[in-house]
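Below: the structure, in C-alpha cells.
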Amino acid sequence: MPPIGLQLYTVREQLAENFESVVRRVAEIGYVGVEFGGFYGESPAAAKILCNELGLQIFSMHAATPLLEKLTPAIDIAKTLDVKRVVCAWYPPENFATLDAIRATCDELNRANEILRGNDLELLYHNHWQECAWVDDKIVYQHMLDLLEPTIGFEVDTYWAKTAGLDPAQMIRELGARAPLLHIKDGPATMEAEMTAVGDGVMDFSAIAKASPSTAEWWIVELDRCATDMLQAVEKSYYYITRRGFAHGC
C-alpha cells in the first residue's frame, strides 16, 4: 500500500496567508509527505527545515515551464529540498495538437531529462486533458511513450484523464512502472465544474488501486479548486483514502 501525500498547490491560497500553520495542519491530519508546486512567499530552505521538523517527506516537486528555460532554478530548488523527482507540470494544448508538435515537445523533454540526469535527478511528466486527446491513430500520451526517453516517468492525473473521456485505470495499467506517482482528485469530471473532496465525486478509486498495486509509489491528493472549504476537503480526502486502504497515512 503506497503512502498518501498532498500536492501543496491544493492549499496555495492558505499557504500564502500563513505558510507554517498550513503545513503543520497537513502533518497533523496524517499526510506522509508533500509535493511542492511553489513556495507562496516562503523560501525553499525554510520549507525544507519545516518539513524535516514535522517528519513530512518531500517526495517530488513541480517545475515551472517552459521547462528548458527554467531548468537551472528548478535544479537548485531540488537540491535544496533534497528531492530526486522533478515533475514537468504543464504544457499548453497547442504543444500536443499535431504529431509534429508532440515530437517537438518530447524533444524538449528529452533534452531536459538529459540535463536533470546529469544532476542526479529524475524527470516525470504530469498530464492534464490535452495529453489524453486523440491525434492521428493514438492518444497523445501513447505518442509520448514512443517518443520520450524510457527514463522519463509519468505522474498520472487520474481526474483529468477521466475528464478527457479515458479510463484512468487503463491508462495506469498501460504506463505500468513508468507511472509511480498518481494524482488523486474527485468531482463531476467535467471541465468547468468545481472539484470535491475525494470520495464525493464520480471517480472509481477502487479500479485505480487495482490497476497499480505494484507500481504506484504515492497517492497524491491534489484539488485545483473546490466547492467547499479547501482544508476541510484535504482532511476529508485523507480519511476517505486511508480508511478504504487505498494508501496509508502516518
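Any read-out appearing in this document is the output of simple, stated calculations on the displayed coordinates, not a laboratory observation. Note that this is a predicted model, so its numbers are computed, not measured. Here the Cβ is made from the backbone with ideal geometry for all residues, glycine too, and neighbour counts use every protein chain on show.
Take the Cα of K210, go 7 Å toward its beta carbon, and the backbone nitrogen atoms of the stretch 152-179 under 19 Å from that spot belong to 158-159, 162, 166-176.
In the stretch 78-118, which trypsin sites (Lys or Arg not before Pro) are in a loop and have at most 16 other Cβ atoms within 10 Å, using DSSP for the loop call? List each step's numbers first, then the result.
Details: sites: K79, K84, R85, R103, R111, R117; in loops: K84.
Qualifying residues, ordered by number: K84.
What helices does the chain have that are whole DSSP H segments, at least 24 Å long along their own axis by Cα, and with mean Kyte-Doolittle hydropathy of -0.5 or more? The partial results should precede the final answer.
Details: long enough: 99-118 (28 Å, -0.37).
Sorted by number, the helices that extend far enough and score high enough are 99-118.
Placing R0 at 22 angstrom, the Cβ-Cβ distance between A227 and E17 gives a FRET efficiency of 0.60 after rounding to 0.05. How many angstrom separate the Cα center of the stretch 11-56 from the Cα center of the stretch 74-107? Centre-to-centre (Cα) distance: 24 Å.
Taking DSSP loops as anything outside H, G, I, E and B, show the longest stretch in the chain free of GluC sites (Glu not before Pro) there with at most 14 other beta carbons within 10 Å. Display every interim value, and only then the final one.
Details: sites that count: E192, E194.
Answer from the scan: 1-191.
Distance from the Cα centroid of the stretch 152-179 to that of the stretch 201-250 is 15 Å (rounded to whole angstrom). Projecting the alpha carbon convex hull of the chain along each direction and taking the average yields 12.1 nm². The spread of Cα positions in the stretch 101-208, taken along each principal axis and listed from longest to shortest, comes to 43, 33, 24 Å.
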